Amino acid sequence: PPVPGALDQIVQRFGTDIVAEVTGRSRRIVRRASPGGVDRLAVENRAASAIAAYEKWGQDTMVIEYSLHGVPHALGSTWTDPENALPAIDEPLMDSIDDVDTIDWDVENVLRENDPWMKLNLEAAEMCLEKYGDEVGVSVTLPGAFSAASGLLPVAKLLRAARKKPEQTHRLLKVCNE
């Protein structure tokens, strides 16, 4: 099996109660069952990590990161989430920028009630707000339109389309920005 990265080994060795993390990673490798039956971090650990970091270092904001792949996944791209590696887009929704006009874009899929990953992140933010919201700002980050688009259409094709088919690229970015 692949060897976990140094930070993951520290978290696995000492546990989530001891190690506070302020890396901006969307997850750390700690197995917990989620509502969809997929092993991933439980929301308590995401909130606990942000709270532990604030308690230890007193930074001026607590950030819960939604993930670069969250929007593309909610809109139809598939991704892998290997145990000992970073998540990655496995199958982008689009093969060509021309697909932008043929897809029925249901941006409702990214809403809290329809996207389990968004729900977990917003619940983590609510836990942080409940504990320290009167002391420090709490936010959930979302990827920008270009980052989200790169999860729907392979990056090389997206960059080529930006130059050769700017109108279609603009429509895709507009969907991602909604």
**Q.** Kirkwood Rh, Cα atoms: Rg over Rh of segment 42-151
**A.** 1.04
Q: Quick one: net charge around residue 109, please, counting Lys, Arg +1 and Asp, Glu -1 for every other residue with C-beta under 14 Å from its C-beta.
A: -4
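Where a number appears in this text, it was derived from the coordinates with a stated rule and is not lab data. What you see is a predicted model; the values in this text were computed from it and never measured. In this analysis, Cβ positions are derived from the backbone assuming ideal geometry, glycine residues included, and neighbour counts consider all displayed protein chains.
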